[in-house]
Structure formats: C-alpha cells, structure tokens
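Written out below as structure tokens is the structure these notes cover.
The values are calculated or read from the model by the stated rules, or taken from the named source; none is laboratory data. Because the structure is predicted, anything quoted here is derived from the model rather than measured. Reconstructed Cβ throughout: ideal geometry from the backbone, glycine too, with neighbour counts over all protein chains shown. Just so you know, the surface numbers come from the protein's heavy atoms only, side chains and all, with ligands and any DNA or RNA stripped out. Shrake-Rupley method; radii C 1.70, N 1.55, O 1.52, S 1.80 Å.
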Amino acid sequence: MVDLAAIAAAFGQRLHAAGVPVTPERSARFAEAVALVGPTTLRQLYWTGRISLLSGPHQQPEYDRVFAEVFRGIIDMPQLVSELTPPPPPDARLSGPEEPGQARNDPSSSHALGAAAADASGEQDQDAVESALAAVSTDERLAARDFSECTPEELAAITALVARLPMVPPRRVARRRRRHRSGRHLDVRATLRAAYRTGGDPVRPVRRQRTDRPRRVVLIADVSGSMEPYSRVYLHLMRGAVRALHAETFVFATRLTRLTRVLAHGSPDAAYHAVARAAPDWSGGTRIGQALTAFLDEHGRRGVARGAVVVIVSDGWEIDDPATLGAAMDRLARLAYHIIWVNPRSARTGFEPLTGGMSVALPYVDTFVSGHSVRALDEVLAAISSASRRAPARGSILT
C-alpha cells in the first residue's frame with residue numbers, strides 16, 4: 001500500500017523549507033486531490049500539486065524547482081520521506097521477558113527488536129514510495145523516448161498517451177458579429193429599432209463585437225519507408241485531430257491518399273486496417289513534390305488548404321527533382337494561412353537540413369518542430385493551436 005500521506009507531507013515540508021507557505025491542511029488537500037484525480041503522468045501530478053498547494057502566482061518558481069527536485073529524481077525521495085518520518089517506537093510485546101542480569105542495552109533486548117521492526121517498516125515505506133514514483137516515471141520516461149527507439153510494447157503504451165493529448169484548434173476572426181454589451185462596434189439599425197420604445201431616444205445603444213471560429217487544420221503525413229518508425233504514432237494523432245478538430249488528413253509515399261473519412265469512423269484497429277487498404281504504397285518511396293501537387297490540384301483549389309493551418313510530417317527525403325517540391329510549396333504558401341513542418345529526424349544531434357527536399361521546403365515553412373516523442377508532440381499541438389497569424393516573413397524558422 002502506497003503511503004500517500006508520507007509523500008504529501010514530505011513534499012509539503014520541502015516546499016515550506018523553500019519559502020512556500022504550505023500548511024499541513026494544504027498537504028492533506030494535496031493528498032486528497034491525488035487520490036481523487038489518480039494522476040498517471042508527472043504533468044498531471046504537477047498541476048494537481050500546483051492547484052492544491054499554492055496560493056499565488058509568485059510562488060510558482062520555487063514550486064517548479066522543488067517539484068523537479070522531488071519528483072524528477074534529482075534527490076532521493078524515499079530517503080527524504082524516511083528522514084522526515086520519525087521511526088515508530090519499539091514494541092515491548094515483541095521483546096518478551098528479560099532474563100535476570102540482562103542489560104537493557106543488550107543487542108538482543110527489546111530495543112534491538114524495536115529497531116529491527118522500525119528498519120523493516122522503513123524499508124516497506126521506501127518500497128511503497130519507490131513503486132509510486134516508478135508508476136509515475138514510466139509515462140514520463142516514455143514521453144521523452146524517440147519513437148524510432150521504442151519496442152512494440154512501448155509503442156502500444158505511447159499510443160495510449162497520444163490519445164490523451166489535448167487538442168485545441170487555432171482560431172480565426174469570423175465575418176459576422178454578435179451582440180455584446182461591451183462591444184466596440186455600434187449596431188445602428190438595432191439601436192434605432194430599439195429607440196421606438198423610448199420615443200425615438202436611443203437610451204440603450206446596441207453594440208456588437210467580432211466573434212471567432214475554429215480555423216481549418218490539414219495534416220499531411222509521410223508514410224514512406226524512412227518514416228515507418230513514426231507512421232503509426234502519427235496515425236493515432238491524425239485520428240484524434242479528425243475527431244477533435246474536424247481536421248482533413250492525408251498520407252503519402254509515392255501517391256496521395258485521403259484518410260479523413262476512414263479515420264473518423266470505427267475503432268482504431270478497423271481504421272488502421274482501412275488505412276493499409278487505402279494506402280497501397282505504405283512504406284514505399286517518397287515523392288513529396290508530386291503528393292503536394294496532387295493535394296493542391298485535387299483539394300487545395302476547392303478550399304481545403306485556403307486559409308488553413310497545414311501540418312506536413314516528413315523527413316524531407318525526396319527521390320524526385322526537388323524543384324517540383326519547391327513549386328508545390330510556393331503554391332501552398334499562397335493558399336495556406338500557416339505551414340508547420342514536422343521532421344522527427346531533426347531531433348538528432350548534428351542535424352542539418354541538407355537533403356534536397358528539406359532544404360527546398362524550409363523557405364516556405366512558418367514553424368519547424370521535431371515531433372519525435374510524446375513530449376515533442378506537445379510542441380506540435382502548441383504550434384497548431386497558437387498559429388493565430390502568419391509568420392512575419394517566409395523563410396524564417398520559428399520554434
């Protein structure tokens with residue numbers, strides 16, 4: 001059984017020593033919140049503690065530092081708990097009757113037995129804390145793991161983490177306005193109509209303000225042989241984007257295949273079998289330029305890409321003439337509102353965009369991210385949700 005109270009008390013005392021006024025009541029509230037929420041990742045545990053333990057934003061820097069020390073392995077949390085938790089008193093019932101002439105400080109006396117019981121209890125508490133932290137750190141370890149280095153079992157666990165990622169659509173200003181008491185624009189017609197009730201005197205002016213709507217999101221993923229370690233994870237992400245953001249999704253290797261309807265219905269396994277049937281060139285060569293040209297000819301002109309946030313997932317390996325990709329990216333830049341390029345290979349040490357396709361496409365990219373792990377997928381989703389305006393100048397790489 002995990003001693004949640006000991007973990008909460010140790011964390012609260014550590015925060016109190018760092019200058020954060022954490023009371024025993026707040027520590028108890030933190031323990032109750034953890035038991036109620038049941039966090040499975042360090043991120044969830046972080047926000048559970050931040051909500052229940054802090055009383056102001058000025059305490060956040062110290063909280064972040066102590067949280068990193070306690071829960072990210074910089075200090076030994078089991079040792080900290082054992083130091084802050086006093087050992088239980090020796091139990092006289094375990095010692096038995098003393099023989100005549102036996103000293104109380106004899107190693108075989110009740111004090112020695114009580115110390116042994118305390119050590120055993122301390123070891124159990126440490127094991128419980130270690131098991132609790134191990135359960136939390138498993139998801140954290142997988143979140144930082146490159147998809148290409150994961151085993152099939154780890155990939156199965158990662159897809160479950162990807163399914164829980166929050167997806168927030170980018171917003172755009174709508175053409176219509178709605179009534180609002182603090183709106184900036186005066187609705188003259190509605191104000192004059194309301195003035196009939198007050199003898200022609202516009203006592204209460206009617207105001208309107210701009211509204212916003214979700215901006216269209218388009219995901220185009222490379223499923224060629226060089227992207228095979230990442231393809232299945234991004235299919236999970238694309239399926240979530242179809243359901244949460246109503247996004248348009250496409251995959252390509254040597255040809256372009258639309259998967260929006262396939263990913264919108266049915267279970268994940270059924271969707272992936274349908275994807276395999278719909279994309280016969282899976283794990284084949286890479287023709288990025290031809291795929292983007294087909295997307296623009298068949299879907300872009302009809303409005304799918306116009307004013308949309310377009311996300312391209314590819315390592316940039318192009319077997320055709322890179323000039324074809326350059327021309328397609330130039331056309332796409334004129335239609336799309338924001339272009340995000342996700343290259344999982346860019347996270348490797350010493351990466352340089354030297355491949356023909358990548359070097360040609362970069363001048364038209366607004367945001368360039370890696371997306372090689374679950375933690376890096378947070379950056380991808382943040383780039384999508386924050387794509388509120390076009391980059392100042394084409395050719396700059398924003399991270």
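Report yes if some residue within region 236-258 is open to solvent by 70 Å² or more (accessible area, probe 1.4 Å) and touching a strand residue (DSSP E or B) at 6+ places or on another chain (Cβ under 9 Å); otherwise report no. Walk me through it before giving the result.
Restricting attention to region 236-258, the residues satisfying the condition of being open to solvent by 70 Å² or more (accessible area, probe 1.4 Å) are 243, 246, 255, 258.
So of that shortlist, the ones also touching a strand residue (DSSP E or B) at 6+ places or on another chain (Cβ under 9 Å) come out as 246, 258.
Yes: one or more hits.
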Worksheet item: Do the conditions hold for residue 52, that is, is it over 28 Å from residue 378 (Cβ atoms) and buried (at least 17 other Cβ atoms within 10 Å of the Cβ)?
Response: no
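Name the helices (runs of 4 or more DSSP H) wholly inside region 300-387 in which the number of residues that are modelled with pLDDT under 90 and surrounded by 24 or more Cβ atoms within 10 Å (Cβ to Cβ) is 2 or more. Quick ask: steps written out before the conclusion?
On the way: elements: 322-335, 356-361, 374-385.
Of the helices (runs of 4 or more DSSP H) lying wholly inside region 300-387, none has at least 2 residues that are modelled with pLDDT under 90 and surrounded by 24 or more Cβ atoms within 10 Å (Cβ to Cβ).
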Worksheet item: Which of the residues that make up region 151-171 are open to solvent by 80 Å² or more (accessible area, probe 1.4 Å) and either assigned to a strand (DSSP E or B) or among the hydroxyl-bearing types (Ser, Thr, Tyr) (or both)?
Response: 171
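Determine whether residue 35 is closer than 24 Å to residue 163 by Cα and open to solvent by 60 Å² or more (accessible area, probe 1.4 Å).
Considered against the rule, which asks whether it is closer than 24 Å to residue 163 by Cα and open to solvent by 60 Å² or more (accessible area, probe 1.4 Å), residue 35 comes out as yes.
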Discussion item. Against the condition closer than 26 Å to residue 373 by Cα, surrounded by fewer than 22 Cβ atoms within 10 Å (Cβ to Cβ) and β-branched (Val, Ile, Thr), how does residue 211 come out, does it pass?
Written reply: no
Worksheet, complete the sentence: Okay, strands (runs of 3 or more DSSP E) sitting entirely in region 178-281 with 2 or more residues that are of a type in the set (Phe, Trp, Tyr), I get 248-252
